[in-house]
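Read the structure below first, then the notes.
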Amino acid sequence: MESATNHQANPPFLRGEAGTVPSGLTPETLTPFQRLFKWFQTLTIEQRVLAGFSLVFVGILIISAISYHNTNGLLRNSGLDSRSHELIQLLGTIETAMSEAEGMHRRYLVTGERAYLEAYKRVIDQKPTLTAYLDELTQDVPDQRQRADVLHRLIERQLGVESKAIMQIQERGIQSVRTMALDGAGRRELEGIHQIINEMDVSERQAVAQRVIASAASTRHTIMLLAIGGGLQLMLLASVYYLIRHDITERRRVAGELQRRGELLEEANKELEAFSYSVSHDLRAPLRHIDGYAALLRKTVDHSLNEKAARYLQTISGAAKQMGQLIDDLLVFSRMGRQEMLQMTVNMDQLIKSILSDLRLDLHGRQISWTLASLPEVKGDPSMLRQVFMNLLTNALKFTSTRATASIEIGVEPASSDEIVLYVRDNGVGFDMQYAPKLFGVFQRLHRADEFEGTGIGLANVRRIIHRHGGRTWAEGALGKGATFYVALSREGTQR
Amino acid sequence: MTQAKPIVLAEDNPRDAELAMAAMEEEHISDKVVLCHDGAEVLDYLYCRGQFGARLKGNPAVVFLDLKMPKVNGLEVLRTIKADANLRAIPVVMLTSSREERDLAESYTLGANAYVVKPVEFQQFLSAVKELGVFWGVINEPPPERACSHQ
């Protein structure tokens with residue numbers, strides 16, 4: 001059974017490495033082998049290794065059980081053998097004792113010398129011990145048991161006959177047994193005893209011989225089982241080893257590839273950094289010059305400047321400033337993507353307070369009704385989260401600027417197990433929900449520049465930062481009815 | 001009180017230089033400004049060599065340094081100044097377009113006395129340069145005079 005299990009399991013293992021699927025076979029025509037192979041291919045590497053080790057374990061259990069059973073048989077046989085040898089010896093003792101007793105008894109009958117009765121008496125003395133021993137040794141073997149009974153009876157009979165002859169001598173004198181003395185009193189019985197003992201001896205020797213053959217066969221089987229089983233286990237272990245090695249090689253290759261890509265990425269990142277550095281430095285200079293020379297020009301020709309020319313100069317300055325703002329925002333956006341992230345507990349209440357204090361100049365002269373909920377602590381980078389809420393709040397302020405009384409709410413959604421959802425709600429101009437997916441894209445704006453100023457990077461920054469925290473952002477709103485921006489952060493905080 | 005000491009302005013970009021000079025002019029301190037077009041010129045000035053070999057001895061009131069300059073860049077000039085016992089006391093103000101954190105960090109580590117990002121908006125640029133010029137060139141009391149040790 002053990003080898004059968006292995007035979008079924010082994011070929012798929014070996015073919016699994018080759019990675020060939022039997023093609024051109026419909027499921028109906030698949031042999032159990034192929035079906036097993038197909039099933040095997042659906043397993044993960046861990047499951048395959050586990051299956052391999054399970055088979056090895058089961059194999060070892062089966063081999064151990066069979067070996068245990070065989071060894072027990074050998075032990076039992078050797079116990080039986082020693083019993084047989086004792087029986088053969090005992091039979092010899094009984095035979096000798098009975099022969100001696102008969103011989104000596106015959107001499108007594110001839111001579112009447114009582115000294116010859118010693119052997120007879122010894123047999124009488126020993127009889128209970130010997131018969132008990134004989135009973136014990138033959139109790140498990142029925143046919144020997146029967147023969148032992150016959151032997152008992154014959155011994156009894158021989159001793160009985162001899163006893164009768166002794167009594168006869170004592171009663172009627174030695175002459176009365178003369179004829180009996182020629183043949184001996186228990187001669188016939190003794191012959192029976194010889195015969196039955198011989199039978200028992202032969203039978204016992206045969207049993208021993210059979211057991212020797214059986215033991216030898218069993219030993220041979222055990223050795224063969226160990227050899228074959230061990231071989232199969234080795235093959236299985238080799239397959240498992242191959243699987244693991246294959247997997248490790250693959251993992252090493254992937255790790256190497258990852259490292260190579262990581263290096264490439266790092267290089268690209270460095271280039272990007274150099275790029276944005278140069279953008280930061282070199283792109284600003286010409287803008288400063290445009291604005292500067294426009295201002296100098298205005299100053300120089302101040303008195304002769306007509307309204308149109310003044311507006312042109314104004315536009316030049318305005319465009320340069322706007323481009324400067326764009327560059328600054330883009331740099332922040334790019335920095336948020338590659339800056340090292342801190343991971344700490346951030347007190348949102350304090351964060352919002354400090355942002356509002358920074359915004360107090362913008363709040364000046366505005367009619368705003370604030371609703372500030374008590375906010376929980378979150379895990380993340382304080383300066384990045386500050387940027388997020390700074391953007392959301394400046395947005396809320398910007399898009400409520402057309403309202404007589406702006407109402408801005410900062411709150412938290414009812415607690416969920418894995419996320420903290422914060423939101424900023426305003427009663428501003430809102431937006432059409434069909435444009436909601438565009439809100440968080442870079443340079444995506446839903447309003448014309450002359451309606452609300454802005455570069456279209458603020459919400460992109462919000463999304464980038466929240467994504468780096470492993471969180472989500474989304475917005476809800478309706479045209480003219482305000483907007484709500486949601487920020488969901490995972491409770492444990494994740495770093496990307 | 002008015003100092004007689006010069007203000008060294010290191011600026012490789014002629015337009016930036018002109019705009020800065022325009023700002024200084026408004027404060028009537030442009031005649032005190034020594035304009036250097038790269039880092040090497042700044043060092044020549046400080047060590048009284050090359051085209052500045054014949055100048056009056058003495059350290060300037062302040063050095064305004066751009067970061068990106070040909071030949072010797074701003075950070076290298078800063079390093080040289082702060083490593084020289086005779087020049088170390090000169091106030092050095094970084095005046096640059098870069099607001100990159102590592103530039104800021106490195107400048108202060110090397111011993112810069114101030115770091116000013118040039119605003120894109122001209123009015124802000126103007127007031128920044130004016131304030132810097134007035135503060136460092138007029139209001140601030142420079143370290144005690146030391147003779148140019150090389151001559």
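The values are calculated or read from the model by the stated rules, or taken from the named source; none is laboratory data. Fair warning: this is a prediction, and the values are worked out from it, not measured in the lab. No Cβ is skipped: glycine too gets one built from the backbone with ideal geometry, and neighbour counts run over all protein chains shown. In case anyone asks, the SASA skips ligands and DNA or RNA and just uses the protein heavy atoms, side chains included. Shrake-Rupley method; radii C 1.70, N 1.55, O 1.52, S 1.80 Å.
Data for the structure
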read-out: Only Lys, Arg (+1) and Asp, Glu (-1) charged, at Cβ; chain A dipole about Cα centre in debye; value: 1440
read-out: Cα centroid of segment A:207-285 to Cα centroid of segment A:301-333, whole Å; value: 65
read-out: Top positive-direction residue, dipole computed over segment B:39-89 with Cβ charges, set B:V72, B:N86, B:Q51; value: B:N86
read-out: For A:T129, net neighbour charge (Lys/Arg +1, Asp/Glu -1) across residues whose Cβ lies under 12 Å away; value: -1
read-out: Sequence of A:S354, B:S98 from largest to smallest accessible area, 1.4 Å probe; value: A:S354, B:S98
read-out: Coarse-grained scattering of chain B at q = 0.09, 0.20 Å⁻¹, given as base-10 log I(q)/I(0) from a Debye sum over alpha-carbon atoms; value: -0.24, -1.35
read-out: Segments B:132-141, A:266-275, A:216-225, A:454-463 sorted - mean Cβ within 10 Å per residue, highest first; value: A:454-463, B:132-141, A:216-225, A:266-275
read-out: Percent accessible area from carbon and sulfur atoms, chain A, protein chains only, probe 1.4 Å; value: 58
read-out: 10 Å Cβ neighbours from other chains, averaged over peptide B:121-128; value: 5
read-out: Around B:G111: net Lys/Arg minus Asp/Glu count, Cβ-Cβ under 12 Å; value: +1
read-out: Mean Cβ count within 10 Å, highest first, over the residues of peptides A:56-62, A:110-116, A:464-470; value: A:464-470, A:56-62, A:110-116
read-out: Helical mean residue ellipticity (222 nm; -39500 (n - 2.57) per DSSP H run of 4+; nearest 500) of the protein assembly as shown; value: -21000 deg cm²/dmol
read-out: Net charge dipole size for segment A:355-496 [Lys, Arg +1 and Asp, Glu -1 on Cβ; Debye, nearest 20]; value: 260
read-out: Average other protein chain Cβ within 10 Å of Cβ, residues B:4-15; value: 1
read-out: Selection from A:V487, A:Q350, B:H28 lying farthest towards where the dipole of the protein assembly as shown points positive, charges on Cβ; value: A:V487
read-out: Average beta carbon contacts from partner chains per residue of B:112-120, 10 Å cutoff; value: 3
read-out: DSSP H segments from chain B that extend 15 Å or more along their own axis, Cα-based, with Kyte-Doolittle mean of 0.0 or above; value: B:122-134
read-out: Net charge of neighbours whose Cβ lies under 11 Å from the Cβ of A:M384, counting Lys and Arg as +1 and Asp and Glu as -1; value: +2
read-out: Extension reserve of the A:D143-A:F53 stretch, reckoned as 0.36 nm per residue once the Cα distance is removed; value: 27.3 nm
read-out: Cβ-placed point charges (K, R +1; D, E -1), dipole of segment B:7-139 about Cα centre in debye, nearest 20; value: 500
read-out: Fraction of accessible area attributable to carbon and sulfur, segment B:7-139 (%, probe 1.4 Å); value: 52
read-out: Alpha carbon convex hull of the protein assembly as shown, projected area averaged over orientations, nm²; value: 65.0
read-out: Mean-position separation - Cα centroids, segment A:81-107 and segment B:73-117, in angstrom; value: 122
read-out: For the protein assembly as shown, with +1 on Lys and Arg beta carbons and -1 on Asp and Glu, the positive-most of A:N70, A:F440, B:V116 along the dipole; value: A:N70
read-out: Nearby lysines by direct alpha-carbon distance to A:K321 (threshold 23 angstrom, same-chain neighbours under 8 apart not counted); value: A:K299, A:K308, A:K398, B:K68, B:K118, B:K130
read-out: Total accessible surface hidden between A and B, rounded to 100 Å², 1.4 Å probe; value: 2100
